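Shown next, in structure tokens, is the structure this report addresses.
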Amino acid sequence: MIIKQNLKHIKSQLPKDVTLVAVSKTKPISDIMEAYDAGQLVFGENKIQEMVEKHEQMPKDIEWHMIGHVQRNKVKYMASFVSLIHGVDNFKLLKEINKQALKHDRVINCLLQIKIASENTKFGMTEATALEILKSEEFKNLKNIKITGVMGMASFTDNLEQVASEFKTLKAAFNNLKTIQAFNCDLQTISMGMSGDYELAIENGSNMVRIGSSIFGARNYSI
């Protein structure tokens, strides 16, 4: 019941226009089902194979989000069902998603991952690269993807001023990219903020937060 209580507490704090992605990576089906039974339908995974296995075993009204780094050769495994891919950080990946979505006669929603953190370990493209992609003729030919927003990961630091500044950078990038209008581009979503900083993210414009440990408890990566 702890998961249900945690969910209820977090949802009571979220503004109505903010989507909660429950990050279920490494968590067993039983834990995810407890969250599902409490009314949570949007779950985020960072490994495609794990997401595929869970999708096969769980109710089909669940909305699966791929929130981790995506390797192009693995897109095909999730193309039939994934609802939103958060971490699109290059154009080749976008083309591969389009190719695999076409095979399933689907349009897959994607977020462009913008690098806002100071750490080199974080993935993402620059705002300039994102603009270049969205303005290109090659992008306009991709009929089986839709860019619905941006995603970013702040630096792993206790310096809240730095984190807030990075969130502001993503919001500014969103505002600039939003001026691009195309049939396969309609920016509505800013995915930023996790268990430790989601309140700060919302203050700075986030309308989609990715929360795991505050719902499911700490992860055991040794299993």
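General observations
- Residue pairs whose Cβ atoms lie under 7 Å apart, separated by 6 or more positions or on different chains, with the first residue in segment 159-184 and free of Cβ contacts under 8 Å to residues at least 24 places away in the same chain and the second surrounded by 14 or more Cβ atoms within 10 Å (Cβ to Cβ) and not small (Gly, Ala, Ser), are 178/187.
- Number of positions in segment 126-166 that are more than 21 Å from residue 84 (Cα to Cα) and not polar (S, T, N, Q): 12
- With respect to being of a type in the set (Val, Ile, Thr), in contact with a His (Cβ under 6 Å, 6 or more places away or on another chain) and surrounded by 15 or more Cβ atoms within 10 Å (Cβ to Cβ), residue 62 falls outside the description.
- Among the residues listed as 157, 189, the single one being polar (S, T, N, Q) and crowded, with 16+ Cβ neighbours inside 10 Å: 189
- Single match in 190, 133, 108, 145 (criterion: under 28 Å from residue 13 (Cβ atoms) and of a type outside the set (Gly, Ala, Ser)): 190
- Unique match (being touching a helix residue (DSSP H, G or I) at 6+ places or on another chain (Cβ under 8 Å) and surrounded by fewer than 21 Cβ atoms within 10 Å (Cβ to Cβ)) among 112, 93, 102: 93
- Residue check for residue 52: surrounded by 15 or more Cβ atoms within 10 Å (Cβ to Cβ), assigned to a loop (DSSP other than H, G, I, E, B) and free of Cβ contacts under 8 Å to residues at least 60 places away in the same chain: no
- Residues that are closer than 14 Å to residue 22 by Cα, aliphatic (A, V, I, L, M) and either modelled with pLDDT under 95 or assigned to a helix (DSSP H, G or I) (or both) within segment 195-223 comprise 215, 218, listed in sequence order.
- With respect to being of a type outside the set (D, E, K, R), modelled with pLDDT of 95 or more and surrounded by fewer than 21 Cβ atoms within 10 Å (Cβ to Cβ), residue 141 fits the description.
- Residue, surrounded by the most Cβ atoms within 10 Å (Cβ to Cβ), within segment 160-181, restricted to residues that are part of a helix (DSSP H, G or I) and basic (Lys, Arg): 171
- Residues satisfying the stated conditions in segment 12-32, i.e. outside any loop (DSSP other than H, G, I, E, B) and surrounded by 15 or more Cβ atoms within 10 Å (Cβ to Cβ): 19, 20, 21, 22, 23, 31, 32
The values are calculated or read from the model by the stated rules, or taken from the named source; none is laboratory data. No experiment lies behind these values; they were computed from the predicted model shown. Every residue, glycine among them, receives a Cβ derived from its backbone with ideal geometry; neighbour counts consider all protein chains shown.
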